[in-house]
Amino acid sequence: MSSNRRRNANLLPVARILVIGAIILIFGGGALYYVNAKNEVHRYGQRVKALEHEIQSALIRDEVVMSRIAKLSSYEALRKRQQHEKEAFAQLVPVNDSVLVRIQERAVPVNASEVRTVSNLQPAR
Amino acid sequence: MSVSPRRRALYLGGLVAFGFTLFSCRLVYLQVSRHDYYAALAAEKHSTRQTIYARRGAITDSAGIPLAANEPVKTVVVDASLLRNPDLAAGILARHLDLPKAVVQEKLARQVWSESKQRMDGAPYIVIKREVPENIAEGVLKELGENRLRGVFLEQDSIRVYPNGGMLCHVVGFINHDGVGQEGVERSMNDWLKGHDGFRYTERDRTGKEMVAFRKLERAPRDGNTVRLTVDMALQDIVESELDVAVKQYRPKMATCILMRPSTGQILAMANRPHYDLNQREGVKDETRKNRAIMDQVEPGSTFKIVTTAAALDHKLVRADTSLNCENGKFTYGGSTLHDHGHGYGDLTVNDVLVKSSNIGVAKLGLMLGDQRLYEYVRRFGFGERTGVQLPGEIPGIVHAPHRWSKISITHIPMGHEVGATPMQVVNAMCTIANRGRLMTPQIVASITDPSGQRLAEFAPVEVRQVMSHEVAEKVVQALMEVVSKKGTAEKAHVPGFQVAGKTGTAQKISPTGGYEHNKYVVSFAGFFPADKPEICALVLLDDAVAPSNLNYGGQIAAPVFSRIATRAARHLNLTPSPEFMKLPGVLAQNENGGRR
């Protein structure tokens, strides 16, 4: 084959194409990875926000319940209930002194199985 | 003329290079020279500063029962420019928020000039209702979602709730719309309660959505601290219910009761009448909001006699058994005649001057002391200056210096006239006697804890001074114990099972036009028990009680209230009653005559 003929032949510069391809692949791949990572960051951001919202909602629910408990267990509520149940069959009755027995001395049992007696020297009547 | 291809390529290249140079110059101009301007513009458009609100701290009683707490609520806001079906939205909002539909429709019809659209458009921020409970707000959102209605937003908000309504209202106080304490502990402890808002700098995309990845500087909010009071709500309940009974019975213009622990100065209960519901403050008069225990002054009357007696004993001018001539009930000094209540007395010991509450006897003690020494003791007991309780608006009362006294002041001040004292000062003076001469600073705040429960501050008892010697105080206590007996003026203050010491007070009311008003009295009883080791010291004071003139005395009106409160308080505090004081004479009489039971 003459030298002229060889010059006109379209030989593929495989090595160069491979190098360029590799460079493009590295840069392109890197860029795609970067974009993907960035998207991932945004996705995680949204998740963070959703979790924050959930925590906030839970805190609010907790606070609402606490406030409700405070209201329902307040002395004011107890008074209202007493007032409301004044005429009811099962009502809250204040413990008066007349139904209190004050034990002045503690009786010491001889042994554990013994039935203990209590003394009421001066009942508070 | 033909141009060679090479030259043409050169021209073209030069032109392109020039173009790029121009773009580069512009780029350099924008990116370097105008960088700050455009960066600020971008930041203004996308960066925002979010405020993260701190929660206000709670107020609790000594056992941790909440007295003031926060309740999350929502503010319903509408952007009318986004609303496609205002009529349907108005119907849903009106139904859930309990508002007339016409009112909601009127609000939704509000229009403003839109710069971007260059025409009138629906207002972007219309507040439909504030302080909407969470469950109702959720219902609104759900129904709006089902009907695919856009433009209604819920903003998070918080309100202060007072679970006990009117109980302890003058002590707890309240906050204004900006969350700043206005009265009571809410005001005096505002700096501890308020907390510090946090913030966050963040960026938003063009739709307004936050880009969490671009969050910048951030500071978490610091929630307010919890303030724990010395008040015991069980005792407060006892005081309030008994005070209500007394108010119903005697219809006074005002009534006050304070319960204290003498050894520490801690206030265990404090109640005033009239009072109001902290959750419904609209239309409440200033007078009703006043904490009369520290903001009102009265002439203390006979309860003040403990000051004169203690001063005379401490100066060793007299002994407890020294006899004083009480002039058979009529004594003229400086042109003014003093009388003793009821029948007059001849000779009385100093002890009996207190027991019988003789005005003449105590006036003579005042004369023995002289201006300066009497004034000194009045001040040593804490009259004429603020007690220092951690509540706002306390007044010092009035104690004139001796150079301003009239000729008869030396006989009137010893029995509690010409002196302006707050109920707090009176009960604190009685605490000084109970505490064997030690004057303490009254305390209403016990401790402060941060939101994690760590204790930041604890308020230890503060002793102001030793007003008199221990022995003198003991002698006064002995006399005050006799006051609460058949012999004394406060038989009805007896508490079954306990030795009570105390002093009655009945002072004629000062007329605004000068002098004293007829048949108008401030009746009081200040006492403590058990007398040997006082656990509780209390003052019951009723201003202008409606009662027959022969019954309008501290011993008849205030003493029984004290007795009922003390009896219940002793049970609550699990104090052991002594059998020897169980059936003292006078108990049955109290229950039969004036007692509630």
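The values are calculated or read from the model by the stated rules, or taken from the named source; none is laboratory data. Predicted model only: the values in this text are computed from it and were never measured. Cβ atoms come from the backbone with ideal geometry, glycine included; neighbour counts cover every protein chain shown. These area figures cover heavy atoms from the full protein model, side chains too; ligands, DNA and RNA do not enter into them. Shrake-Rupley method; radii C 1.70, N 1.55, O 1.52, S 1.80 Å.
The table for this structure:
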{"quantity": "Segment B:520-550 - residue that is open to solvent by 10 Å² or more (accessible area, probe 1.4 Å) and under 28 Å from A:Ser98 (Cα atoms) and, of those, nearest to the other protein chains (Cβ to nearest Cβ)", "calculated": "B:Pro530"}
{"quantity": "Hits in segment A:39-76 (condition: more than 8 Å from chain B (Cβ to nearest Cβ), open to solvent by less than 90 Å² (accessible area, probe 1.4 Å) and more than 26 Å from B:Asp223 (Cβ to Cβ))", "calculated": "A:Asn39, A:Glu40"}
{"quantity": "Segment B:188-214, subset open to solvent by 40 Å² or more (accessible area, probe 1.4 Å) and in a loop (DSSP other than H, G, I, E, B), residue farthest from the other protein chains (Cβ to nearest Cβ)", "calculated": "B:Lys194"}
{"quantity": "In segment B:402-439, the residues that are farther than 17 Å from B:Thr308 by Cβ, open to solvent by less than 10 Å² (accessible area, probe 1.4 Å) and assigned to a loop (DSSP other than H, G, I, E, B)", "calculated": "B:Thr422"}
{"quantity": "Condition broken by B:Leu259, with the remaining ones in (1) farther than 30 Å from B:Pro451 by Cβ; (2) open to solvent by 10 Å² or more (accessible area, probe 1.4 Å); (3) at pLDDT 95 or above satisfied", "calculated": "(2)"}
{"quantity": "Residue under evaluation B:Gln454, criteria (1) polar (S, T, N, Q); (2) open to solvent by 10 Å² or more (accessible area, probe 1.4 Å); (3) within 20 Å of B:Pro423 (Cβ to Cβ), criterion not met", "calculated": "(3)"}
{"quantity": "Qualifying positions in segment B:215-246 - crowded, with 16+ Cβ neighbours inside 10 Å and without any contact (Cβ under 8 Å) to a residue 40 or more places away in the chain", "calculated": "B:Arg215, B:Ser241"}
{"quantity": "Matching entry among B:Ala63, B:Ala69 (being under 25 Å from the mean Cα position of the chain (by Cα), open to solvent by 80 Å² or more (accessible area, probe 1.4 Å) and within 29 Å of B:Pro451 (Cα to Cα))", "calculated": "B:Ala63"}
{"quantity": "Of all residues making up segment B:61-75, the number that are more than 10 Å from chain A (Cβ to nearest Cβ) and under 22 Å from B:Met189 (Cα atoms)", "calculated": "3"}
